[in-house]
1. Give me the net charge for the shell around Ala84: Cβ to Cβ below 14 angstrom, other residues only, Lys and Arg +1, Asp and Glu -1.
2. For the chain, give me the percentage of DSSP beta bridges that are antiparallel, rounded to the nearest 5 percent.
3. Under DSSP H, which helices of the chain have Cα atoms covering 15 Å or more of the helix axis and a Kyte-Doolittle average no less than -1.0?
4. Tally Lys/Arg at +1 and Asp/Glu at -1 over every other residue whose Cβ is under 12 Å from the Cβ of Met134; what's the total?
5. Accessible area per residue, 1.4 Å probe, Å², for the chain: what's the number?
6. Suppose every K and R has +1 on its Cβ and every D and E has -1 on its Cβ; what is the size of the dipole of the chain about the Cα centre, in Debye to the nearest 20?
7. Sequence-distant or interchain residues sharing an amide H contact under 5 Å with Lys141, placed H: which?
8. Once you charge only the Cβ atoms, +1 for Lys and Arg and -1 for Asp and Glu, what is the size of the charge dipole of the stretch 1-75 about its Cα centre, to the nearest 20 debye?
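The values are calculated or read from the model by the stated rules, or taken from the named source; none is laboratory data. Owing to the predicted nature of the structure, the values given are computational and were not obtained by experimental measurement. Here the Cβ positions follow ideal geometry from the backbone for every residue, glycine too, while neighbour counts run over all protein chains shown. When the accessible area is computed, the model is the full protein with side chains, heavy atoms only, and any ligands, DNA or RNA have been set aside. Shrake-Rupley method; radii C 1.70, N 1.55, O 1.52, S 1.80 Å.
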Amino acid sequence: MKNIIAIAGSNSSKSINKQFVKFIASQYPDINYLNLENFEPPMYSSDLENDYGTHQKIKDLVAKFQAADAVIVSTPEHNSMPPAFFKNILDWLSRTGATYLEGAKYLQDKPVLLASVSPGKGGAASSQALVGKMLGYGGAKIVSNLTVGGFYDSFENDKVVNEALIQEIENAISDLKAAID
């Protein structure tokens, strides 16, 4: 059985991106939801990094990524950007390389399904594009994208009820699993 982890870039208790990845994880036994709030480090600054090095919780998160065969990432959008919570985690992750010049390949060649969910029809596409670039810096191999707008029209009682979206999810998961070596 493959080890696929699913994360949402939100620390909101009412996050629709969390609801979305939890739904996906509930449909596939080899997908496990990982709550990023358990890894929340302090706000990144070079002073903190210089004084203390990479935060231990980020090292633990990197270990989870390294143990995974693939990753599902769902990002919200705040003013066309990923939330500060998620950006902070990505900033810390970008500093996990052995040296500054080496860069941080915390997702080196990992297949990634990149999703974004919003209540509006845009589906958080602007945030998804930026997060895709940041994950690319981390070495991710984006194999599939899901952009879900109008979330509340497709989701009821913790389940996706839109048949077309269910098919999109199945296709994206199939692509992700096919990309696993």
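1. Taking every other residue near Ala84 into account, the sum is -3.
2. On the way: 3 of 23 bridges.
Around 15 percent of the beta bridges assigned by DSSP in the chain are antiparallel ones.
3. Once both thresholds are applied, what remains is 16-27, 56-67, 125-137, 163-178.
4. Working: positive: Lys87, Lys133; negative: Asp91.
Net local charge, Met134 excluded: +1.
5. Values: 9000 Å² over 181 residues.
Averaged over the residues of the chain, the accessible area is 50 Å².
6. With only Lys, Arg, Asp and Glu charged at Cβ, the dipole is about 60 debye.
7. Counting only residues 5 or more places away or on other chains, the set is Asp109, Lys110, Val112.
8. 380
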